[in-house]
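Nothing in this text is a laboratory measurement; each read-out follows from the coordinates by a stated rule. Given the structure is predicted, the values throughout are model-derived calculations rather than measurements. Quick reminder, even Gly has a Cβ in these numbers, built from the backbone with ideal geometry, and neighbours come from all protein chains shown.
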Amino acid sequence: MKVIKQIISFYINSSIHVALAVCALAYITILNFDLPKSIDLLIFTFFATVTGYNFVKYFGIAKFHHRSLAPDLRYIQIFSLLCFIGLVYYTLKLPAKTLWYLGGLAAITFFYAIPFLPKSLFFEGKKNLRAISGLKIYVIAFVWAVTTVIIPIVNANEPVSHDALVFAFQILIYVLVAMLPFEIRDIQYDSLKLATIPQRIGLKKTKLFGIFLLLVFFMLEFLKDHLRIENVIIIGIITIITFGFLMRSRVNQSEYYSSFFIEAIPILWLGLILLIN
């Protein structure tokens, strides 16, 4: 039992789980817009997500609160190094146009963790994007939306259509909502100067805000030029599931409530599409 728990812990803390979620959303874009299936891009996305997340989480200036992770950090570092090597290899297999977009995302990730701006803009001596009051959740949502929607379309050398922009906005909103349970969980750890949504408006209003965003997320589906009833059904199911998790979110969550179950929703989303299609 202990070994199984260690495996699950490594699976989550090494960012494998969140990387699969990002890949699932990217593959949803490929399916929704009938794009060529680029295995190279999907593998790159996996390696990039693991590398990016672990860089942000375990970089020296980043504050992370789960002390039990420390003994296994060495294995995560080795795994991250292997993923970085894979990232470099698959970067060379992508077209130049895609790399321009990825370069921008890489810069955002880098400056999210590394100090680079005047100290007066930040708090507690931290000078990275992560430390800017109230910005964290929006940076993450933006990076997810571009990575999982815009990048696959650009990589396929297709124009970013109206429907693609709507879907990108849907993903951005979805990620914002999916981040709320994390912010609710971390309210007991985060400095008040971070000004997270729960800190600013309280837990009840945070959930109401999330409900509003979920309604927008669902209604955006009807703004697409090519409306598919199966997509409406799937978006409806994802909306209901996400709503349920949001409503049950609390400060004292179970260990894997947010980091496993909520982050598994994109994988379920992809599964529903494959099942219905």
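Counting other Cβ atoms within 10 Å as a rough exposure proxy, the listed residues 179, 1, 219 run 1, 219, 179 from fewest neighbours to most.
Fewest neighbouring Cβ atoms within 10 Å first, the residues 269, 100, 144 line up as 100, 269, 144. So, counting K/R as plus one and D/E as minus one, what does the shell of residues with Cβ under 13 Å around residue 242 add up to? Residues near residue 242 contribute +1 overall. The stretch 181-257 and the stretch 1-31 have Cα centres lying 20 Å from one another.
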